[in-house]
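The values are calculated or read from the model by the stated rules, or taken from the named source; none is laboratory data. Treat the numbers as computed from the prediction; the structure is a model and nothing was measured. Positions of Cβ are backbone-derived with ideal geometry, glycine not excepted, and every protein chain shown enters the neighbour counts. Just so you know, the surface numbers come from the protein's heavy atoms only, side chains and all, with ligands and any DNA or RNA stripped out. Shrake-Rupley method; radii C 1.70, N 1.55, O 1.52, S 1.80 Å.
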Amino acid sequence: MRGWLRIEEMALEELMQRLNAVSQCTDEIMHQDIIPLYAADIEDQLKKQFAYLSGGRGGDGCPVITFPDYPTFSEIPEKEFQNVLTYLTSIPSLRDAGIGFILVIDRRQDKWTSVKASILRIAASFPGNLQLVLVLRPTGFFHRALSDIAFKFNKDEFKMKVPIIMLGSVSELQGYIDKTQLTEDLGGTLDYCHNRWLSHRTAIESFAQKVKQTAQILQSFGTELAETELPNDVQSTSSLLAAHTEKKDKMKEDIRLAVEQGDGILGSITKPVTENPEYKLNQDQLDNQTTVERLLAQLHETETAFDQFWTKHQQKLEQCLHLRNFEQNFREAKAALDIVSERLSAFTDVGNSCSHVEHILKDLASFEEKSCETVAKARMLASEGDGFIQSNHYAVDSIIPKCSELHHLCDAFTTETEQKRNLLNKSLELHGLLEKSMKWCDEGIYLLASQPVDKCQSQDGAESALQEIEKFLDTGAGNKIKELNKIYREYAHILNEDLKKHVQKVFQKQESMEEMFQKRQVSLKKLAAKQTRPVQPVAPRPEAFVKSPCTSPGPQRNYVTNSESSVLRRVNYRKTRSEMTELHQNRGGSTMDDEENLAVLRQHVINELIETERAYVEELLCVLEGYAAEMDNPLMAHLIPPELQNKKDILFGNMEEIYHFHNRIFLRELENYVEYPELVGRCFLDQMEDFQIYEKYCQNKPRSESLWRQFSDSIFFQECQRKLDHKLSLDSYLLKPVQRITKYQLLLKEMLKYSKNCEGAEDLQEALTSILGILKAVNDSMHQIAITGYDGNLNELGKLLMQGSFSVWTDHKKGHSKVKDLARFKPMQRHLFLHEKAVLFCKKREENGEGYEKAPSYSYKHSLNMAAVGITENVKGDAKKFEIWYNAREEVYIIQAPTPEVKATWVNEIRKVLTSQLQACREASQHRTLEQTHSLPLPATSCTSPSQNNVRNIRKLEERKADLTSPEGYGTTVAPKYPEKGKGWAKTSHSLDASEENDGWSSAEDPLNSSDAEEEGGGGGGEMKLTPGKYTVVTDYEKGVSEEFTVKSGDLVQLIREGEDGLWSVKNLSTGREGWIPANNLLMLIGNSKSVQSLSSSESGTASSTLSTSSSCSDSCNASSTSFSDIKG
């Protein structure tokens, strides 16, 4: 930096010296250092032309000054006279002026007295050296003779040191001065124009002043540039560079104009020669030409000196700008590197399963890819800094440490990323070993479970079982963990406490399984060696199933390490054998499906998806143009019934919105994935919000179908169908959106099935989960709009979170003891709707009719404000029960779910609601306390309950919520394993412990023993009410009213209507025959089977419901409508 300042000082000093030399040289050229007088200052005096410098020369090169005949010569002021003579004598070069001047005084038309006076005046005032004075005396005879006599006698009066020669004629003058050096008025041939001469002199002197002024301005500008302090930021430096460049450009423009001015003067001087090559310039013209050329040379010198200085100054400013940019980019790059380094340091988890580790590795790779740009920019910036160092930047001392830091940060990030990747790869390797061991153990357990006990009693059976066991144990070499300590040593750097426990559990399970195999081998060897009395096999308990062996351990680590033998004793070996057969078939198929086959299958699915999407869009357009648009067609208005007019929005809902979404957006996006079918999940995820429009359509569907049924026979619809040449009526096409939204989840499942190991598998799973979530939301909303009898606005209760049917017992502190006992042991069948702010208890009522008119309705009974609700998660004696209590257990509702999984989901969702409300109330209390501290007015309490509570109620609520951590509250209860969000309830069996604890309250679990006595007047509590629908027959029946009508166990029958004398019209859907059966016999035939058309969401046991409707036109023709109560998982 100091070296650069010294260089800049030297550059400025050199510039000043060169520009000072230009100024001095200019003064010397113009003789301004001797006589600072300009023609412009005495222009009026020179124009009088009483004396002029014609440019002529004497024999030895003496300049000739001519005093022409001037009548008023004596009247010229002395000051003017001296100025003109001084200026004229300063024009010739110093060499010519040093020889002396020749004066030619023309007084041919004057008197002697005037001649004498003129000579005396010139002799007294002439400032230069004189060599000769030539006087043309008067031409008159008298004055001529008088001048001769007078000059002889008065010669001494002139006081001149040079000879004065009196000439009588021009010819005599030419004897002293050559004719070519005399002007035409003196009989010569010298071309002289006084105005031209004056113009040239004025222009030359002006140009000289311009050259000198330019040099002085550049001196000042150079000093200003050199003394300017360099800014510390990019913007200021850039502005300074732009300002200085602008000034420089202005200076250069001034110099260019000055050069043009000099060239113009030079051209004017040489113009006669240009026009006439034979023309010869006189000496004064030649001197003027030389003067202008010298001035132009000085101007070029000025420009060159400034250009050299500006180059150095500009380089300094540009380097400063580069430095400021580098410093700013360095700060940004360092901050970005700090951020990515901090995020990288967050990758501390080594995973808890192969899939988890793969997910982390994928996240790490994604993070590394996103961070590559940051690291690349930092490295590029460091390279840029290295370039500055190589080019001898003036701030090298500041750049070097920054470059070193950038290189260090980039290398550190790269090294740490590689270390993280290596750790995760090691973790993946370890989890692979563990999962292989777990899978091997599971297969071993299932092998033991699948060996038939009765066949093992024979010698051949025992030997065959032994061979199976030995063959399986041979596969353990590449699957089991051999040395636990070796695992500890090899993976010590990734073994945290949890992972170490996991390894120990897997190893323990492996040892337990091997011990079981050893015991089985001992038993089988004894049976094979010696036959004993056959043992009668005992069928295990039917509810004790083992889970499928193909399930991977995943992230769960609660593995059972003991009592495997008890599990084997309870296994239903027939069911297990079928499961194992299916397992082996699946495995055989998977080994045969190579990637090419999977790719073909994926392409088939994407083709089907796109083709059906195009057909769907065309069908929607056909309906909108062929039906909806025709309702606005004046030519068709006479065919439309008056009651149907202006009801297009009810009939078609938001079908047009659905069409535009699929036609303009979704179909086009799908077509982009035709070459990459495994990535189509991203397409669904990107458009998932738009699929919400189906909820509006489905909610309107009951109204649409009701309207259609009223006017399905209308001539208008028949005419539209005829024009479109449709085989199916409009209602089949109105069902298309419902069918389409359900079709997506099937196609996504198929695609996911063939894309397990592909890049887009996670997106496919997420898309499937989201679609199922949308279907659940649609299903829930359909149930919600069927609620009747609620006086308030359901929207004020917040979002509908869950809905389902339960058995409910009540226990109130206030009330008659008999009523309490009756309520305790007789459950009510209730359909619960869980909102964010309240839970509604409704009674489900089946409706008679067809299609959506047959959909159930829900009679509102009562509701509980969630702000005053508490829960007890576990009720002793039944794993499917939980409690909802109200107002500090003044009211207790014992809820029995259809399955433990449904119960777990409801408890979990209620817990979330209560937790969020507790947090909201605490925040409101803190806010109120803060405002009271500042003596501010207390705002209205904000609570998530439907009604606003006062301050005292909020405090009670907080105390009550705090009590939830008691042993009976949800704070300490252990919830069962919940199914994954959005994937439906897994149809898994209960644990053995749970199945053994179903005592105490189990007598009240039979729906046939339930009672709604408190609302139905106590009647009819014990009988099952028959309703129209489809049922499965549980026993044979051959005693119908018609002898030809029979049903057998397993047949699907439809109850059509109830006739007289307690008979029901029944159709056997398996045979197609119809007949009449007494109601009592029907109760025996169908037992406790449910109507297949009236499954509620709780009976289907799913959290993510889907609409199970056919997408084909034939199916929609056979079943003209699909009830939303038909929704299942």
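In the range 65-72, is there at least one residue being aliphatic (A, V, I, L, M) and over 16 Å from GLN285 (Cα atoms)?
For the range 65-72, residues aliphatic (A, V, I, L, M) and over 16 Å from GLN285 (Cα atoms): absent.
Of (1) open to solvent by less than 60 Å² (accessible area, probe 1.4 Å); (2) under 30 Å from SER355 (Cα atoms); (3) in a loop (DSSP other than H, G, I, E, B); (4) at pLDDT below 85, PRO537 satisfies all except one. Which?
(2)
What number of residues in the range 210-234 are without any contact (Cβ under 8 Å) to a residue 12 or more places away in the chain, among the polar types (S, T, N, Q) and either within 26 Å of GLU293 (Cβ to Cβ) or not in a helix (DSSP H, G or I) (or both)?
Initially, the range 210-234 is screened for residues without any contact (Cβ under 8 Å) to a residue 12 or more places away in the chain, giving 213, 220, 224, 227, 229.
Filter once more, so that each one left must be among the polar types (S, T, N, Q): 213, 220.
Next cut, either within 26 Å of GLU293 (Cβ to Cβ) or not in a helix (DSSP H, G or I) (or both) only: 213.
Count: 1.
What about GLU463, is it under 30 Å from LYS519 (Cα atoms) and acidic (Asp, Glu)? Explain how you work it out, then say what you get.
Details: under 30 Å from LYS519 (Cα atoms): yes; acidic (Asp, Glu): yes.
The answer is yes for GLU463.
(1) surrounded by fewer than 17 Cβ atoms within 10 Å (Cβ to Cβ); (2) in a helix (DSSP H, G or I): which one isn't true of PRO277, the others all being true?
(2)
List pairs: first in the range 1059-1085 and more than 16 Å from GLY1029 (Cβ to Cβ), second open to solvent by 70 Å² or more (accessible area, probe 1.4 Å) and assigned to a strand (DSSP E or B), Cβ under 9 Å, 6+ apart or cross-chain?
GLY1059/TRP1076; LEU1063/TRP1076
Restricting the search to the range 639-680, which residues are outside any helix (DSSP H, G or I) and among the hydroxyl-bearing types (Ser, Thr, Tyr)? Break it down stepwise before answering.
Taking the range 639-680 and keeping what is outside any helix (DSSP H, G or I), we get 640-641, 645-647, 653-654, 672-676.
TYR673, TYR676 - these are the residues of the range 639-680 that are outside any helix (DSSP H, G or I) and among the hydroxyl-bearing types (Ser, Thr, Tyr).
Output the residues belonging to the range 128-159 that are within 26 Å of LEU94 (Cα to Cα) and either at pLDDT below 55 or within 60 Å of the chain's Cα centre (by Cα) (or both). Let's see the steps before the verdict.
First, pick out the residues of the range 128-159 that are within 26 Å of LEU94 (Cα to Cα): 128-135, 159.
The one that is within 26 Å of LEU94 (Cα to Cα) and either at pLDDT below 55 or within 60 Å of the chain's Cα centre (by Cα) (or both): LYS159.
Go through the range 1031-1070 and report how many residues are at pLDDT below 75, outside any loop (DSSP other than H, G, I, E, B) and hydroxyl-bearing (Ser, Thr, Tyr).
Qualifying residue count for the region: 1.
Run down TYR176, TYR279 and say which single residue is of a type in the set (Phe, Trp, Tyr) and in contact with a Pro (Cβ under 6 Å, 6 or more places away or on another chain). Don't jump to the end; show me each part of the working.
Details: TYR176 fails: in contact with a Pro (Cβ under 6 Å, 6 or more places away or on another chain).
Step by step, each of TYR176, TYR279 is checked, and only TYR279 is of a type in the set (Phe, Trp, Tyr) and in contact with a Pro (Cβ under 6 Å, 6 or more places away or on another chain).
In the range 69-92, what residues are touching a Pro at 6+ places or on another chain (Cβ under 9 Å) and either of a type in the set (Gly, Ala, Ser) or in a strand (DSSP E or B) (or both)?
SER90
Determine, yes or no, whether CYS410 is farther than 30 Å from THR475 by Cβ, in a helix (DSSP H, G or I) and more than 30 Å from the chain's Cα centre (by Cα).
no
Considering ALA365, ALA333, ALA378, which residue is among the small types (Gly, Ala, Ser), assigned to a helix (DSSP H, G or I) and touching a Cys at 6+ places or on another chain (Cβ under 7 Å)? Explain how you work it out, then say what you get.
Working: ALA365 fails: touching a Cys at 6+ places or on another chain (Cβ under 7 Å); ALA333 fails: touching a Cys at 6+ places or on another chain (Cβ under 7 Å).
Answer to the check: ALA378.
I'd like to know if the range 810-823 contains one or more residues that are in contact with a helix residue (DSSP H, G or I) (Cβ under 8 Å, 6 or more places away or on another chain), at pLDDT 85 or above and surrounded by fewer than 21 Cβ atoms within 10 Å (Cβ to Cβ).
Yes; the residues of the range 810-823 include at least one that is in contact with a helix residue (DSSP H, G or I) (Cβ under 8 Å, 6 or more places away or on another chain), at pLDDT 85 or above and surrounded by fewer than 21 Cβ atoms within 10 Å (Cβ to Cβ).
Mind listing just one residue for me: the one in the range 346-401 that is among the aliphatic types (A, V, I, L, M) and open to solvent by 60 Å² or more (accessible area, probe 1.4 Å) and, of those, farthest from the chain's Cα centre (by Cα)?
As a first pass, look at the range 346-401 and keep what is among the aliphatic types (A, V, I, L, M): 346, 350, 357, 360-361, 364-365, 375-376, 378, 380-382, 389, 395-396, 399-400.
Narrowing further to those that are open to solvent by 60 Å² or more (accessible area, probe 1.4 Å): 346, 380, 400.
Working: ALA346: 22, MET380: 24, ILE400: 36 Å.
Here the answer is ILE400.
For ILE665, indicate whether it is hydrophobic (A, V, I, L, M, F, W, C), over 30 Å from GLN645 (Cα atoms), in contact (Cβ under 8 Å) with a residue 24 or more places away in the chain and open to solvent by 50 Å² or more (accessible area, probe 1.4 Å). Please lay out each step first, then the result.
On the way: hydrophobic (A, V, I, L, M, F, W, C): yes; over 30 Å from GLN645 (Cα atoms): yes; in contact (Cβ under 8 Å) with a residue 24 or more places away in the chain: yes; open to solvent by 50 Å² or more (accessible area, probe 1.4 Å): yes.
Yes.
I'm checking my understanding of the structure. Among residues of the range 471-493 that are in contact (Cβ under 8 Å) with a residue 24 or more places away in the chain and either open to solvent by 80 Å² or more (accessible area, probe 1.4 Å) or of a type in the set (Val, Ile, Thr) (or both), which one is farthest from LEU424 (Cα to Cα)?
The selected residue is THR475.
Going by the conditions given, is ASN874 at pLDDT below 90, touching a strand residue (DSSP E or B) at 6+ places or on another chain (Cβ under 9 Å) and open to solvent by 50 Å² or more (accessible area, probe 1.4 Å)? Talk me through it step by step, then tell me what you get.
Details: at pLDDT below 90: yes; touching a strand residue (DSSP E or B) at 6+ places or on another chain (Cβ under 9 Å): yes; open to solvent by 50 Å² or more (accessible area, probe 1.4 Å): yes.
Yes, satisfied.
Let me spell it out: the conditions are (1) touching a residue at least 40 places away in the same chain (Cβ under 8 Å); (2) closer than 24 Å to GLU28 by Cα, and THR290 meets all of them except one. Which number is the exception?
(1)
Checking the conditions here, which among GLN510, GLN504 is open to solvent by 30 Å² or more (accessible area, probe 1.4 Å), in a helix (DSSP H, G or I) and not hydroxyl-bearing (Ser, Thr, Tyr)?
Details: GLN510 fails: open to solvent by 30 Å² or more (accessible area, probe 1.4 Å).
Only one candidate passes the filter, namely GLN504.
Of these, THR291, THR270, which one is within 20 Å of LYS212 (Cβ to Cβ), open to solvent by less than 70 Å² (accessible area, probe 1.4 Å) and out of contact with any strand residue (DSSP E or B) (no Cβ under 8 Å at 6 or more places or on another chain)?
Numbers: THR270 fails: within 20 Å of LYS212 (Cβ to Cβ).
Matching residue, one of THR291, THR270: THR291.
Quick check on this structure: which one of ASP649, ASP686, ASP713, ASP632 is loosely packed, with under 15 Cβ neighbours inside 10 Å, charged (D, E, K, R), closer than 26 Å to SER781 by Cβ and more than 28 Å from the chain's Cα centre (by Cα)?
Working: ASP686 fails: more than 28 Å from the chain's Cα centre (by Cα); ASP713 fails: closer than 26 Å to SER781 by Cβ; ASP632 fails: closer than 26 Å to SER781 by Cβ.
Within the list ASP649, ASP686, ASP713, ASP632, the selection yields ASP649.
Results for (1) over 24 Å from ARG324 (Cβ atoms); (2) small (Gly, Ala, Ser); (3) open to solvent by 20 Å² or more (accessible area, probe 1.4 Å); (4) under 45 Å from the mean Cα position of the chain (by Cα), shown as yes or no for each residue.
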residue: ALA203; (1), (2), (3), (4): yes, yes, yes, no
residue: GLN219; (1), (2), (3), (4): yes, no, yes, no
residue: VAL234; (1), (2), (3), (4): no, no, yes, yes
residue: SER239; (1), (2), (3), (4): no, yes, yes, yes
residue: ALA243; (1), (2), (3), (4): no, yes, yes, yes
residue: ASP254; (1), (2), (3), (4): yes, no, yes, no
residue: GLN261; (1), (2), (3), (4): yes, no, yes, no
residue: GLY264; (1), (2), (3), (4): yes, yes, yes, no
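Please tell me if GLY188 is assigned to a loop (DSSP other than H, G, I, E, B) and either over 21 Å from ASN276 (Cβ atoms) or open to solvent by less than 20 Å² (accessible area, probe 1.4 Å) (or both).
Working: assigned to a loop (DSSP other than H, G, I, E, B): yes; either over 21 Å from ASN276 (Cβ atoms) or open to solvent by less than 20 Å² (accessible area, probe 1.4 Å) (or both): yes.
The answer is yes for GLY188.
So TYR676 clears everything in (1) open to solvent by 50 Å² or more (accessible area, probe 1.4 Å); (2) within 15 Å of LYS736 (Cβ to Cβ); (3) among the aromatic types (Phe, Trp, Tyr) except one condition, right? Which one?
(2)
Which condition number in (1) aliphatic (A, V, I, L, M); (2) open to solvent by less than 30 Å² (accessible area, probe 1.4 Å); (3) closer than 22 Å to GLN209 by Cβ is the one that LEU317 fails?
All conditions are met except number (3).
Can ILE265 be described as in contact with an Asp or Glu (Cβ under 8 Å, 6 or more places away or on another chain), of a type in the set (A, V, I, L, M), in contact (Cβ under 8 Å) with a residue 24 or more places away in the chain and assigned to a helix (DSSP H, G or I)?
Values: in contact with an Asp or Glu (Cβ under 8 Å, 6 or more places away or on another chain): no; of a type in the set (A, V, I, L, M): yes; in contact (Cβ under 8 Å) with a residue 24 or more places away in the chain: yes; assigned to a helix (DSSP H, G or I): yes.
Here the answer is no, as ILE265 does not meet what is asked.
Considering each residue of the range 697-720, count those that are among the polar types (S, T, N, Q), assigned to a helix (DSSP H, G or I) and touching a residue at least 60 places away in the same chain (Cβ under 8 Å), and give that number. Even if it seems obvious, please write down each step before you answer.
Within the range 697-720, the subset among the polar types (S, T, N, Q) is 699-700, 704, 706, 710, 712, 714, 718.
This time we only want the ones that are assigned to a helix (DSSP H, G or I), so: 699-700, 704, 706, 710, 718.
Pick out the ones that are also touching a residue at least 60 places away in the same chain (Cβ under 8 Å) and you get 699, 706, 710.
Residues in the range 697-720 being among the polar types (S, T, N, Q), assigned to a helix (DSSP H, G or I) and touching a residue at least 60 places away in the same chain (Cβ under 8 Å): 3 in total.
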